[in-house]
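One structure is given below, encoded as structure tokens.
The values are calculated or read from the model by the stated rules, or taken from the named source; none is laboratory data. Computed from a predicted structure; not experimentally measured. When we count neighbours, we look across all protein chains shown, and the Cβ atoms used for this are built from the backbone with ideal geometry, even at glycine.
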Amino acid sequence: MKVSIAIPESVRALASQARENLEREVGENDRLKWLLGLGAAFLYLALVLYISGQSDSAKQDLYISQSRLSQIGAQAKETRWPERSATAQALIKDLEERFWLGDTPGLAEAGFERWIRQTFEQHGVQVRQVQLTRNPVLEDEVDIENLAISSLQRIRAKVISPLSEEALIRFLNDAATHESWIIVEQLIVRPGRNPRLEMDLATFFRPRES
């Protein structure tokens, strides 16, 4: 079904006259020709730049995808996974050997406090206070029965003592070279007439299986 709309003759005549006037004005006005030409050139240039930008973006995405695909392919062809697993297991064993020793949690805490006090005393400082706390490394209530880390505990010691810079440096060196993990979580120096230091230490302990 075709629908035809009749355009009045007067409207056609006005449109024809407007077109003729525009063509005549453009033909007689050099400045208008230049403006129209520059406008067309600008639109063409903008279109070319837009297409070029889209093309560069697509090429970059393709390059990234190809690079990731190559990496995945190389990992899939890797045949040294058993060797890497053995290396990781050896590292885990070495880390476990650096847990603080003790037959029971109470003995481990007592041994940690005794080491702190004796080490400071060796460097000429009498510790005023050592306050111990112990808590599981993983405190969230989740099912971790099958994880080796589930029984691991952190022993913290808050140490307060007179300040001796030389003794402090030697103590920190002893902590860094100790056979067990000893971590300095916080160190505060309080100046004044009687300067003192406050230090938070931590180590890790795993109860022996019964």
Query raised in the report: Out of curiosity, is LEU138 modelled with pLDDT under 90, closer than 15 Å to PHE205 by Cα and outside any helix (DSSP H, G or I)?
Result: yes
Query raised in the report: Can you name the residue in the range 165-202 that is outside any strand (DSSP E or B) and among the small types (Gly, Ala, Ser) and, of all such residues, is nearest to the chain's Cα centre (by Cα)?
Result: ALA176
Query raised in the report: Any idea how many residues of the range 157-189 are surrounded by fewer than 18 Cβ atoms within 10 Å (Cβ to Cβ) and either within 30 Å of LEU138 (Cβ to Cβ) or free of Cβ contacts under 8 Å to residues at least 24 places away in the same chain (or both)?
Result: 19
Report summary line: Exception for ALA202 within (1) under 15 Å from ARG117 (Cα atoms); (2) among the small types (Gly, Ala, Ser); (3) surrounded by fewer than 13 Cβ atoms within 10 Å (Cβ to Cβ) falls at (3)
